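Inspection log for the structure reproduced underneath, given as structure tokens.
Just so you know, all these numbers are worked out from the coordinates, no wet-lab data involved. Bear in mind the structure is a predicted one, so any value in this text is a computation, not a measurement. Note that we place each Cβ from the backbone using ideal geometry, even for glycine, and neighbour counts take in every protein chain shown.
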RNA sequence: GAUCCCUUCGUCUAGCGGUUAGGACGACGCCCUUUCACGGCGUAAACACGGGUUCGAUUCCCGUAGGGAUCGCCA
């Protein structure tokens, strides 16, 4: 019998207190790639146990973000808040087995304890004051919390797939709260129970959770559960090396979409941020699935670099299907113009796309470059283009061009090329002297795709009319 | 303060005891050229510091400095 390969189950477990930020997106990507690489499962769990801060809008934003990035999850979404009873059940099992205990210390009392520890320069942690106290000491009117009875001697070792073997003395761990005084479970308990119940084999998350892993380890241990493999990946920092804030990259993925980035470009960028495969830079998703592994993940934090993202985006823009780009760009063009481009304009945009996408790094730039195809006469002419147009010489050249072009019967890039180059030769004018004023007249700007393509896409009537507009001003 | 983690060009990284320390982005220069791009070629640019171990350290060990994370009845 062929033995089935070790199943891999990963998960992405955001708390819905905001959008899907870039760090979360990368964590999701790594989990997704890892599970896809191993033919396993990628589950999604919403950690909405903080009722104060969790919102439906955030849940929607996270799901939309994952969807846009193309990171599809398996199975139903698990909502952590709905599993509170199960979490409490585990806490009580721990309590019954003597692996947890009730603590009656008040919030104020604990705050005071921490204050004192801080003042004395001692480590800040729960001192275990109720760990071995008899239940008969319990004050009658205080609702207790349940704390884990964590080992105090020896050490805990985690063989992290990214960080390596990390050891911590158990004396550094304190007895964390499992169940609050109102009976609700804490995050520490919930993650462990959910990861166990969901059959998670690999916990891939930000390394801000590394120290949590040591405490969570003992819940697994005391429950007699298998401990999943951990992989704590470094955080992403802003361009200045400081923690990512709203000032730089800590934007929701939809902000990147709105800045005109393609999901495949962001995926490639995020993949290379903290992960490497030799000298490879352009790694399409199919290839990434084949190559991705955890030992390619670096151990140090990396900075977010928009310049590199732009470069990658330019690459994927050039690769992208023209029709797809048109449908992405037209709404942006509509926004700039305040009206929806008609079918003709859409068609022109499609025809011009090969020349257009070569010249853009983002969809915003692409839309900017495509604007002249939808704009109506008389064309607005920008400053630089005006300079090119506002000379007697330019008008004369445009005049020649106009009559030359008027006689062209076969309005294609090839024959237009022939006509204009011929004119350049006959008149003894450098070709650039013709092309530039022509471009200014046709586009209203000094940059555009090749001039023959512009003429061809605009069509005979529109082209001639735009040239005439400039001769007659 | 305590504990843990990190440190190769400006940035992302390759390197896994012996290399002219490689690639990519960005920068600069040249070429191509009707503009802008694309593309091609090239230049500048790094092993944080100090000790060990070793015939030999960017690579292994220990310190120092710098950075980060965590220390809640938040997640």
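Work out, step by step, the length gained on full extension between residue A:221 and residue A:133: first 0.36 nm times the residue separation, then minus their alpha carbon distance; give nm to one decimal. Each step should come with its number before you reach the end.
On the way: separation 88, 0.36 × 88 = 31.68 nm, distance 2.36 nm.
Stretched fully, the residue A:221-residue A:133 segment lengthens by 29.3 nm.
Relative contact order for chain A: what is it in percent, counting Cα pairs under 8 Å that are at least 6 residues apart?
Reported as a whole number, the value is 12 percent.
For the pair residue A:417 and residue A:376, how long in nm is the line joining their label points, each one 7 Å along Cα→Cβ?
3.5 nm
With the crude spin-label approximation of a point 7 Å out along Cα→Cβ, what separation in nm comes out for residue A:287 versus residue A:77?
It works out to 3.3 nm between the two label points.
Once you put a point 7 Å from the Cα of residue A:64 and another 7 Å from the Cα of residue A:85, both along the Cβ direction, what distance in nm separates them?
Between residue A:64 and residue A:85, the label points sit 3.4 nm apart.
To the nearest 0.05, how large is the calculated FRET efficiency for residue A:427 and residue A:255 if R₀ is 45 Å and r is the Cβ-Cβ distance?
Numbers: r = 52 Å, r/R0 = 1.15.
Using R0 = 45 Å, I get an efficiency of 0.30.
Could you sort A:446-456, A:269-279 so that the peptide with the highest average Cβ count within 10 Å comes first and the rest follow in order?
Ranking the peptides A:446-456, A:269-279 by packing returns A:446-456, A:269-279.
Could you compute the FRET efficiency for residue A:188 and residue A:364, with r as their C-beta to C-beta distance and R0 at 56 Å, rounded to 0.05? Intermediate values should be presented prior to the final figure.
Values: r = 44 Å, r/R0 = 0.78.
For residue A:188 and residue A:364, the calculated efficiency is 0.80.
Could you calculate the FRET efficiency of residue A:155 with residue A:465 from 1/(1 + (r/R0)^6), where r is the beta carbon distance between them and R0 is 56 Å, rounded to 0.05?
Calculated value: 0.10.
Could you line up A:171, A:463 from fewest to most neighbouring Cβ atoms inside 10 Å?
Working: A:171 13, A:463 24.
Least crowded to most crowded, the residues run A:171, A:463.
Only helical DSSP H runs with n ≥ 4 go in: add -39500 (n - 2.57) per run for chain A, normalise by residue count and round the 222 nm mean residue ellipticity to 500 deg cm²/dmol. Can you show the working numbers first?
Details: 19 runs with 231 residues, N = 473.
So the calculated ellipticity at 222 nm is -15000 deg cm²/dmol.
Suppose the Debye formula is applied to equal point scatterers at every Cα of chain A; what is log10 I(q)/I(0) at q = 0.09, 0.14 Å⁻¹?
-0.74, -1.28
On full extension of the chain, what length is gained from residue A:109 through residue A:92, given 0.36 nm per residue of separation minus the C-alpha to C-alpha distance?
Between residue A:109 and residue A:92, full extension yields 3.7 nm more.
How many angstrom lie between the C-alpha centres of region A:263-338 and region A:418-473?
Taking the Cα centre of region A:418-473 as reference, the centre of region A:263-338 is 36 Å away.
Assuming 0.36 nm per residue, please report the length gained on full extension of the stretch residue A:410 to residue A:56 beyond their Cα-Cα distance.
Stretched out fully, the residue A:410 to residue A:56 stretch lengthens by 121.5 nm.
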